[in-house]
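A.B. asks: Take this structure, written in structure tokens, and hold onto it; I'll ask about it next.
The values are calculated or read from the model by the stated rules, or taken from the named source; none is laboratory data. Please read these numbers as outputs of a predicted model, since none were measured by experiment. Here the Cβ positions follow ideal geometry from the backbone for every residue, glycine too, while neighbour counts run over all protein chains shown.
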Amino acid sequence: MVTFGVSLAGWKAVNGYHFLNMMGRMPTLILVVFSFCATLLLTRAINNFGLSTWRRSRAKHWTLRARLLYPIRITAGLSMLILPADIYLLASSLLPSVPAWAPAGSSLLAALLGTYWPSREIFPETTFREWLTSRLMILLGRVIPFALFLWATVTMPENFGAETWMIAGLLFLLLATLRLGGTIRFFSLLGLLKPADKRLAGIAADVARRMNVQPRRIWMVPGAFANAYALPLNRELFFSEGLLRHLSDAQIAAVTGHELAHLTEPRRVLFLRLMQPVILFPLVLIRPLIATGGNGLMWAGGLLAVTLIVRTRFRRLGRHMEVRADAIASVNEGEEAAYAQALQRLYEVNQMPAVMSGRRRIHPNLYDRLAAAGITPDFPKPDPPQRYTLMSILLCLSPFAISFALAVRTNNSPHTKVHAGAGGDVTFPAPRLGAGGVQDK
Ligand SMILES: [Zn+2]
């Protein structure tokens, strides 16, 4: 009996503790759910508003529609980064008792999810699964190297010792491994990549024989965006399922010609391609360099300048290689004009502008690529698309507006800090966060 009494009391105590603990975590949980819903609604509203003009242009030529869509895509991309940052700013200032990364993380998830509906509108044949896998691949492909780089930069000691060079060496090794097929192996282990099916393998084998260039492997990548690319260092080719859905066999063969041409790049270019992901690598030493002061600062500045110059040189070289691959593809196309038709179809399916502003892009404009392939496009040369919309400018300004409003608020209410610190959990000011979040967009 005694045991029972004790255990009952213990149970009550434990349960009471759990209850209080849960209550303590409630604000975080509510805030996470609230940020998710608010971001999802806001993203959908922003995208719907942007897409409304594009929807009304159904009767127009695809090049004009692609021009309209471009700034909407930029805005959607910006909102994916800026809305979670806004939430982070608001949460860390208004609710210091709640870890701000939690609502910001849920906001990021919602912002990513919010791009599903516009994707479905542009690519009606895509499924949720296909959309999710392609997003996951883009995210992992970019996030993993960036996270490694960030980890190394932050953990780097402030002086040049054995540890500094060990971290730098480890980072270099990891980045090079990813570059030399590590990312592909990782994706294929996760089951995200599929080997070429019978149709693609057959088409590619034909072109490879004709051009006398053998790829090591050919992969099919999930994703509605019609695209193909080559990794010249690994001699591997990738074709998106969107491309395979929309292009004829002759057009796929012509695209294969372009990708195989990348495998015949001069050794000097291949070496530079190997070095490409490590151009930012020296920046990992920025912390010890700055801490050293004087000469170190000069070195850090020099390093930054060299990185920028090398980056520009890489882009120029990349562009030369694209022009070269286009020329080789045109010569090796099996059917007359198949390459030009394939290019046009790719841009049309993806609703990408035929002409872009700026000369720093790796791929030349479609309009110029068609002319180079000996085809006069059957549409007038469109103007480059607008880059920014009123919405994207407002989005970019929102973190500054929020910071300003928060600074004014702190100056006007000397008790804010004490109040939020003492009872932040109990007085959860969700409505204020919501109103601020919406007003400032
Ligand atoms: Zn290319």
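A.B. asks: Please give the number of the condition ARG210 fails out of (1) away from the ligand (no atom under 16 Å from the Cβ); (2) closer than 25 Å to LEU189 by Cβ; (3) modelled with pLDDT under 95.
C.D. replies: (2)
A.B. asks: Moving on. I'd like to check something: does the range 228-250 contain any residue that is more than 25 Å from VAL143 (Cβ to Cβ) and of a type in the set (S, T, N, Q)?
C.D. replies: yes
Rundown of residues vs (1) crowded, with 19+ Cβ neighbours inside 10 Å; (2) in a loop (DSSP other than H, G, I, E, B); (3) more than 20 Å from the chain's Cα centre (by Cα), yes/no style:
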site: ALA85; (1), (2), (3): no, no, no
site: PRO96; (1), (2), (3): no, yes, yes
site: ALA102; (1), (2), (3): no, no, yes
site: ARG120; (1), (2), (3): no, no, no
site: LEU132; (1), (2), (3): no, no, no
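A.B. asks: Hey, another quick one. Which of the residues belonging to the range 365-391 are surrounded by 18 or more Cβ atoms within 10 Å (Cβ to Cβ) and either part of a helix (DSSP H, G or I) or within 15 Å of the ligand (Cβ to nearest atom) (or both)?
C.D. replies: ASN365, LEU366, TYR367, ARG369, LEU370, ALA373, MET391
A.B. asks: If I ask for residues that are touching a helix residue (DSSP H, G or I) at 6+ places or on another chain (Cβ under 7 Å) and either of a type in the set (Lys, Arg) or within 13 Å of TYR339 (Cβ to Cβ) (or both), which ones from the range 249-293 would you list?
C.D. replies: Residues satisfying the conditions are ALA250, GLN251, ILE252, ALA253, ALA254, VAL255, THR256, GLY257, HIS258, LEU260, ALA261, ARG287.
A.B. asks: Related question: Name the residue, out of ALA405, ALA354, that is of a type outside the set (Asp, Glu), at pLDDT 85 or above, more than 16 Å from the ligand (Cβ to nearest atom) and not assigned by TED's automatic domain parsing to the domain that holds TYR229.
C.D. replies: Answer to the check: ALA405.
A.B. asks: Please determine, by comparing only the residues of the range 291-343 that are at pLDDT 80 or above and among the hydroxyl-bearing types (Ser, Thr, Tyr), which one is farthest from the ligand (Cβ to nearest atom).
C.D. replies: Ranking the qualifying residues of the range 291-343, first place goes to THR312.
A.B. asks: Might you let me know whether the range 139-154 holds any residue that is in a helix (DSSP H, G or I), surrounded by fewer than 20 Cβ atoms within 10 Å (Cβ to Cβ) and either among the polar types (S, T, N, Q) or not assigned by TED's automatic domain parsing to the domain that holds GLY191 (or both)?
C.D. replies: yes
A.B. asks: Pairs needed: first member in the range 206-232, in contact (Cβ under 8 Å) with a residue 40 or more places away in the chain and over 21 Å from THR133 (Cβ atoms); second member anywhere, within 15 Å of the ligand (Cβ to nearest atom) and part of a loop (DSSP other than H, G, I, E, B); C-beta distance under 7 Å; at least 6 residues apart or different chains.
C.D. replies: Pairs that qualify, where the first residue is in contact (Cβ under 8 Å) with a residue 40 or more places away in the chain and over 21 Å from THR133 (Cβ atoms) and the partner is within 15 Å of the ligand (Cβ to nearest atom) and part of a loop (DSSP other than H, G, I, E, B), are ALA208/PRO215; VAL213/LEU263; VAL213/THR264; PRO215/ARG235; PRO215/LEU263; PRO232/LEU263; PRO232/GLU265.
A.B. asks: For the range 310-325, check the following and say yes or no: at least one residue is surrounded by fewer than 19 Cβ atoms within 10 Å (Cβ to Cβ), in the same structural domain as THR177 (by TED's automatic domain parsing) and assigned to a loop (DSSP other than H, G, I, E, B).
C.D. replies: No.
A.B. asks: Let me ask you something else. I'd like to check something: does the range 234-241 contain any residue that is within 13 Å of the ligand (Cβ to nearest atom) and surrounded by fewer than 24 Cβ atoms within 10 Å (Cβ to Cβ)?
C.D. replies: Yes, because at least one residue in the range 234-241 is within 13 Å of the ligand (Cβ to nearest atom) and surrounded by fewer than 24 Cβ atoms within 10 Å (Cβ to Cβ).
A.B. asks: Another one. Which condition breaks for THR264 when tested against (1) within 14 Å of the ligand (Cβ to nearest atom); (2) surrounded by fewer than 21 Cβ atoms within 10 Å (Cβ to Cβ); (3) within 21 Å of the chain's Cα centre (by Cα); (4) of a type outside the set (Gly, Ala, Ser)?
C.D. replies: Single failed check for THR264: (3).
A.B. asks: Would you confirm whether any residue within the range 207-215 is closer than 27 Å to ARG268 by Cβ and either among the basic types (Lys, Arg) or in a strand (DSSP E or B) (or both)?
C.D. replies: For the range 207-215, residues closer than 27 Å to ARG268 by Cβ and either among the basic types (Lys, Arg) or in a strand (DSSP E or B) (or both): present.
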